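Trainee: Have a look at the structure that comes next, please.
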Amino acid sequence: MSVRVAGLTLASPVLVASGCGGTGRELAAYAALSTYGAFTTRSISRDARPGAAGPTLAETPAGLVHATGLPNPGLDAFLATELPWLLTEGARVVVSVVARDLGEYAEVARRLATAPGVSAVEVNLAVPDAAELGVLDAREHFHVGAAVSTVLRELPRGVPVLAKLRPDPVRVAETVRVAADAGAAAVVLGGALPAALPDGRPAGLSGPAIAPLALRCVADARVALDAAGADCDVVACGGIGSPEDARHALDRGAVAVQVGSALFHDPTTAARIAAALSPDEGA
Amino acid sequence: MSPVHVTAEVLASKRIGAYQHVTLVAPGVGERFRPGAFVAVSVGTGGYHLARRAFWIHQVRPLGGYAATVTLVVEPRGEGTRWLATRQRGDRVEVTGPLGGRPFALPKEPVPVLLVGEGYAAAPLFALAERLRERDCPVNLVLGAPDEAHLLSALEARRTARAVTIVTGDGSVGARGSVADVLPEALRRSGAAVVYAAGPAATLHAAALAAEEHGAWSQVALEQRTTCGTGLCLGCPVPVVGEDGVARTARACTDGPVVRGDRVRWDDLARGASA
């Protein structure tokens, strides 16, 4: 079931969410990476980030709080080793990026612009513990707009920008309009909800616990974008763990879904949802 | 050792001492098993528990007409372990395995080896002992526990091991004391070239130190609280030193669970810190 997402034609409306598919190798043990509409990488920063001191994850009712600190090998190492491997596996690659400030966003985007095989760039404006990690904290709408336009300016035509946003139902309508105005071809709703680990450290909450909230954001975002006449897709993310969850989001106007923390529970989740949504299933 | 995700069926569940031995029919898991591998199990129903629970694979054997059943040793301590321990024959359980990027590495030469295990975590050592014996390695075993109920079957161990040392905290069986107390003597007597350890972090550290003092290699099976077990969640960081001497953070599940004892930054591990 090929779908149009952010101007791209993808083989499936089911994508792997950022930070939940490892480097791709771990997930490839269970299903070919070409099974998914796209593989979204964990957020890549200009410089390597070692990650937070553990323990960084705690189980909560129907969810997880996490503060892994965005560990990644840095842009150079990612481009040299991980990206080529993903491409040889047949994955469509959406590179999630995170940066300290607009200058660093521009630098990261410039280098991605010349890398072959980058289908799209997802700007991670939903880091729940951004201040603690020293990355750009998109507290206000203009932060979202500035980051999106900064990245978009450096990318060649045909490489769209996806804006990953906090699932904040109160502010979602205005935030998505700003993202669309800045040139985002899609908004991803949403990232983890700001939360705390049991010891009080800032963290993100993900999983089925936030699914109803994310669904509200998807529905409101679609309405707001349509009202503004914006040519911007909505990609649903947050607590999606079954074909029913995915259908609910698609019914509310999402063109695709990202499957994230459900992969921790069952690494075949995204592949099973993709199969269930494919027309061969007679769905 | 490519893992599979399957719906397993409970074939048997037996209480032995303080532990529940749960035997599963999990097609594809036992066939791919190597000692030191583990499985991730979904616990509970209704999606309330997103995190998996990890268990060492204790035994793989033909049983009840199935070629390779998988037995786990479960100590019912928390909600998840209690859930698994109370599954009945015929119940279904979602299982991913065998997991672990690096199981125990076997020596190429038939050198003497010392296996050190404590509590339920000693589970992976019995299958390892059999593999080592197949390679003509003289196997020596140290088994420890707080008391007899928490000691994994020493009888079984005596079949494969040349010498078995038992130590319990309350002296209910074997010597009274801790595993660390008896390690130097066991190493000296066995002349072991490799120490394989499985147990709590303090025991692993003691085994790594003792091995180093005796000029032996050590391989320790790390046990970290697991969220996914598959390498995706980054929730099981282990502070290590790489081959190049650079401090790094490894994932216990995919970069381990078995690592060289001299590669672990034990003080950082105890502090819960990583690079």
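No value in this document is a laboratory result; all are computed from the given coordinates. Only a predicted model underlies this, so the values are computations on that prediction, with no experimental measurement involved. As a convention, Cβ positions derive from the backbone with ideal geometry for all residues, glycine included, and neighbour counts pool all protein chains shown.
Trainee: Per the helix-only calculation at 222 nm, which mean residue ellipticity applies to chain A, given -39500 (n - 2.57) for every DSSP H run of n ≥ 4 and division by its residues, nearest 500 deg cm²/dmol?
Mentor: -9000 deg cm²/dmol
Trainee: Which three lengths, in whole Å and largest first, does the stretch B:124-270 cover when its Cα atoms are put on their principal axes?
Mentor: 39, 32, 29
Trainee: Quick check on the stretch A:3-277: take the gyration tensor over C-alpha atoms, sort the square-rooted eigenvalues as a ≥ b ≥ c, and tell me if it's rounded (a/c under 1.5), prolate or oblate.
Mentor: Rounded, since a/c falls under 1.5.
Trainee: If packing is taken as the average count of other Cβ atoms within 10 Å, what order do B:171-178, A:10-17, A:41-48, A:73-80 fall into, highest mean first?
Mentor: A:10-17, A:41-48, A:73-80, B:171-178
Trainee: Turning to a different aspect of this structure: Can you give the average number of partner chain beta-carbon atoms within 10 Å of each beta-carbon in peptide A:262-275, as a whole number?
Mentor: 4
Trainee: While we're looking at this one, here's another question. How many Cβ atoms of partner chains, on average, are near each residue of A:63-71 if near means within 10 Å of its Cβ?
Mentor: Average per residue, whole number: 3.
Trainee: Considering only DSSP states other than H, G, I, E and B, which trypsin sites (Lys or Arg not before Pro) in the stretch B:44-81 qualify as loop sites with at most 15 other Cβ atoms within 10 Å?
Mentor: Those satisfying the criteria are B:ARG77.
Trainee: When a/c reaches 1.5 or more, the comparison of a/b and b/c decides; with that in mind, is the stretch A:170-283 rounded, prolate or oblate per its Cα gyration tensor?
Mentor: Oblate, because a/c is 1.5 or more while a/b does not exceed b/c.
Trainee: While we're on this one: In bins 10 Å wide, starting from 0, what share of all Cα pairs of the protein assembly as shown does each bin hold, as a percent?
Mentor: Bins of 10 Å from zero give 4, 18, 27, 23, 15, 9, 4, 0, 0 percent of pairs.
Trainee: Going by average Cβ density within 10 Å per residue, which order do the peptides B:237-249, A:210-222 take, highest to lowest?
Mentor: Top to bottom by mean Cβ count within 10 Å: A:210-222, B:237-249.
Trainee: Just the number, please: percent antiparallel of the DSSP beta bridges in the stretch B:54-177, rounded to the nearest 5.
Mentor: 25 percent
Trainee: Determine one quarter of the surface area of the Cα convex hull of the stretch B:36-111, which equals its mean projected area, and express it in nm² to one decimal.
Mentor: 7.1 nm²
Trainee: Would you work out the Kirkwood radius for the stretch B:55-213? I mean one over the mean of 1/r across all pairs of different Cα atoms, in Å.
Mentor: The Cα-based Kirkwood calculation yields 16.6 Å.
Trainee: Can you compute the helix-only [θ] at 222 nm over chain B? Use -39500 (n - 2.57) per DSSP H run of at least 4 residues, normalise by all residues, nearest 500 deg cm²/dmol.
Mentor: Counting only the DSSP helices, I get -5500 deg cm²/dmol.
Trainee: Over chain A, what is the mean sequence separation of C-alpha contacts under 8 Å (at least six apart), divided by residue count, expressed as relative contact order in percent?
Mentor: Across chain A, relative contact order equals 20 percent.
Trainee: Restricting attention to the alpha-carbon atoms of chain B, what are Rg (one decimal) and Dmax (integer), both in Å?
Mentor: 17.8, 53
Trainee: Further question: Under a 5 Å amide H to amide H cut-off, with H placed in plane at 1.01 Å, what residues pair with A:ALA195 once short-range neighbours are removed?
Mentor: A:ALA203, A:GLY204, A:LEU205
Trainee: Could you tell me which Cys residues in the protein assembly as shown have no other cysteine's Cβ under 4.7 Å from their own Cβ, answering none if every one has a partner?
Mentor: A:CYS20, A:CYS217, A:CYS232, A:CYS237, B:CYS137, B:CYS236, B:CYS253, each lacking another Cys Cβ under 4.7 Å.
Trainee: By the gyration tensor of its Cα atoms, with a ≥ b ≥ c the square roots of the eigenvalues, what is the shape of the stretch A:1-106: rounded for a/c under 1.5, prolate for a/b over b/c, or oblate?
Mentor: oblate
Trainee: Can you work out the PRE-style zone for B:THR7? Point 7 Å along Cα to Cβ, and I want the residues of the stretch B:87-101 with backbone N under 14 Å.
Mentor: B:90-95
Trainee: Over the stretch A:226-268, one equal point on each Cα, no solvent: what is log10 I(q)/I(0) by the Debye formula at q = 0.23, 0.25 Å⁻¹?
Mentor: The computed values of log10 I(q)/I(0) come out as -0.75, -0.83.
Trainee: When DSSP assigns beta bridges and you keep just the ones with both residues in the stretch B:144-275, what percent turn out antiparallel, to the nearest 5?
Mentor: Here the antiparallel bridges make up roughly 50 percent for the stretch B:144-275.
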